[in-house]
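A short worksheet on the structure shown next.
The values are calculated or read from the model by the stated rules, or taken from the named source; none is laboratory data. Predicted, not measured: the structure shown is a model, and the values here were computed from it. Reconstructed Cβ throughout: ideal geometry from the backbone, glycine too, with neighbour counts over all protein chains shown. When the accessible area is computed, the model is the full protein with side chains, heavy atoms only, and any ligands, DNA or RNA have been set aside. Shrake-Rupley method; radii C 1.70, N 1.55, O 1.52, S 1.80 Å.
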Amino acid sequence: GLEEIALKPVQDTGNILKQGYLEKRSREHSFFGSEWQKRWCVLNRRTFYYYANEKSKQPKGTLSIEHYSARLAFHLRKDSRKRCCFELICPGKRTYE
């Protein structure tokens, strides 16, 4: 679960495989639909961290990726970014877009 992951600043995550900005779709739906939020993301071998920006000291969220898989998801957007969309999925758990 998410509560088992210790929150760490960006510089302390260790063994970083990839990092950079991604847009993540929020769970909350507004009148205009789901909002895409730009987040600084850091991936190590076991955990996906997302921060407000690259200077943030504490993550806005973390995800243990051990049982998740990724798949392309062109249907998530209608604009030119649709070819870059993907989902992180795990049966019985939240899907991250």
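A few comments on the model shown:
- When region 40-97 is limited to residues that are of a type in the set (D, E, K, R) and not in a loop (DSSP other than H, G, I, E, B), the one that is farthest from residue 27 (Cα to Cα) turns out to be 83.
- Residue in region 77-87 that is least open to solvent (accessible area, probe 1.4 Å), counting only those that are at pLDDT 90 or above and out of contact with any helix residue (DSSP H, G or I) (no Cβ under 7 Å at 6 or more places or on another chain): 87
- Test: residue in region 74-88 that is among the charged types (D, E, K, R) and under 11 Å from the mean Cα position of the chain (by Cα): yes
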